[in-house]
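Working notes, beginning with the structure itself.
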């Protein structure tokens, strides 16, 4: 990266009138100090960096997240997407100036809150049993597949796949009522994210008031105790509210 033009890597927006420093933890491995660029009562958390395109490899992603986690120990933060770089401080100030009202509005929605995540999967031995409970005909088709000709097998497999998919969706709806909806009542806001594998039951994010975290934790523990034999429950956080901030940062348009 030697000889590259220097700029500022952006991590997020906080509320702060005074300049802040968060240590030598900047992305890129040079030990750059993470600090703020301030405008009125807002500040952008940044570190010096060459003006380059950072690959979202593990080390870079972890460095980005480490900064945000460190800032979260003291401040609520509007997180920025990975890899945003400004070539100069003036553009960052103009960004805050132009979007001041928008940033303040977003901050009012996330102040005193953070994101908690819940990913749930069927355990290896429970998926088939759960699906067959919904539609016993799945067992009959499986039995037929062992006897049919290749052509018949092809069409039977298509039919089986559709039946399994429909049964899985029916089970997901059941768990939504039993798991997602009770947690949604504790959270300020909640969203269901994309299901990324056939054996995934739920992929949800919750925006939770910090003082409500013990109540949320207790409800997740109740769910775990009830369904642990069937479901693999992965509970994570606190995170910055990535799924509850809808900002599209374009420094080029901030001037």
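The values are calculated or read from the model by the stated rules, or taken from the named source; none is laboratory data. Keep in mind it's a predicted model, so treat the numbers as computed, not measured. Please note: Cβ atoms are built from the backbone with ideal geometry, for glycine as well, and neighbour counts cover all protein chains shown.
Just give me the residues in the stretch 78-133 being surrounded by fewer than 16 Cβ atoms within 10 Å (Cβ to Cβ) and either in a strand (DSSP E or B) or on the phi > 0 side of the Ramachandran plot (or both), in sequence order.
Within the stretch 78-133, 112 is the sole residue that qualifies.
When the residues of the stretch 211-243 are narrowed to those that are closer than 20 Å to residue 73 by Cβ and in a helix (DSSP H, G or I), which ends up nearest to the chain's Cα centre (by Cα)?
Going through the qualifying residues, I end up with 242.
Could you check how many residues of the stretch 182-210 are without any contact (Cβ under 8 Å) to a residue 60 or more places away in the chain and assigned to a helix (DSSP H, G or I)?
4
For every residue, the table says whether it meets (1) over 18 Å from residue 110 (Cβ atoms); (2) modelled with pLDDT under 95.
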| site | (1), (2) |
| --- | --- |
| 181 | yes, no |
| 184 | no, no |
| 189 | no, no |
| 194 | yes, yes |
| 204 | no, no |
| 207 | no, no |
| 216 | no, no |
| 219 | yes, no |
| 222 | yes, no |
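Answer yes or no as to whether residue 43 is surrounded by fewer than 17 Cβ atoms within 10 Å (Cβ to Cβ) and not assigned by TED's automatic domain parsing to the domain that holds residue 184.
When the stated conditions are applied, residue 43 does not pass them.
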